[in-house]
Amino acid sequence: METSMLIFIIMVLAAVSSLQFYKGRKLNLMLMQHYLRSIEGILKPKDKDYVWLGGYVGFRAYYKLDDPDILKFEYTLTLLPRHSILYFPVSLLINRHDKLYIVVRPTFEIKREVHFLQKGYFRMRPGIEREIELLKGEEEIGGVKFETLFDNYEDVKPVKEFIEGFSNVKNIKHVAIVPKTNVIYVFMKPEPDTIEKDVRNILRFIRNFPKGMKG
């Protein structure tokens, strides 16, 4: 290959990489701003704290609420590296999509444990401390199969109804209600058009938390 042609190819690749960086960075910043404003618009937190995850891949948010049922609402948003033309395809294969991890700390005590894990999603299943002690089953919601782990089978129905309330059941990867840490946890794929509906669904579930699961 002639030197002039090699230089031309390098220049083209550099230009494409630069364009992708600015376009991807802009899109990720817009997504972060949209999710932040949408969630805060619903929660109206009295106190806020943020941790930037570096680059343009997301952040963590910690909210204290003036709410009789919710003490703290925390979430981590991680986005695909749309600004990196080299790493973006790799991330699509490994991470597959943007991710939202929500942790809600209620004011009340949680008495019994429940997990719903989407079957076939996890390459490495998340560790569950009490897995050996918990009963196991399987549920199908909107054509999506979930592995269930629970203390009491009567708790499966209200959590199933909770998952049915999300805009797209397929986006829900793991729901956990854990007495030891006293948290309600949701791991999901977020979507800009439905984030408000999904956050409201979480709030509705907590405010109507199953009485049998309360301490």
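Each reported figure results from applying straightforward, stated rules to the coordinates on display, with no laboratory input. Values in this document were obtained by computation on a predicted structure and should not be read as measured data. Note: ideal-geometry Cβ built from the backbone for every residue, glycine included; neighbour counts use all protein chains shown.
Could you list T107, T76 in order of exposure, starting from the residue whose Cβ has the fewest other Cβ atoms within 10 Å? The partial results should precede the final answer.
Working: T107 13, T76 16.
Sorted ascending by nearby Cβ count, the order is T107, T76.
Mind listing the phi-derived Karplus ³J(HN,Hα) values for the stretch 180-194, rounded to whole Hz, using 6.51, -1.76 and 1.60 with θ = phi - 60°, and x for any glycine or proline? For the stretch 180-194, the Karplus curve yields 4, 9, 6, 9, 10, 10, 9, 10, 8, 8, x, 9, x, 6, 10 Hz.
Ranked by the mean number of other Cβ atoms within 10 Å of their residues, highest first, the peptides 175-185, 42-52 come out as 175-185, 42-52. Length gained on full extension, K26 to L135, computed as 0.36 nm times the residue gap minus the Cα-Cα distance: 34.6 nm. Pairs exceeding 24 Å between alpha-carbon atoms, taken from K111/K189; K48/K99; K160/K180; K160/K211; K26/K170: K111/K189; K26/K170.
The label point for D66 and the one for R200, both projected 7 Å from the Cα toward the Cβ, are 2.2 nm apart. Taking 17 Å as the cut-off, the amide N atoms of the stretch 182-215 that come nearer than this to a point 7 Å along the Cα-to-beta-carbon line of Y101 belong to 182-190.
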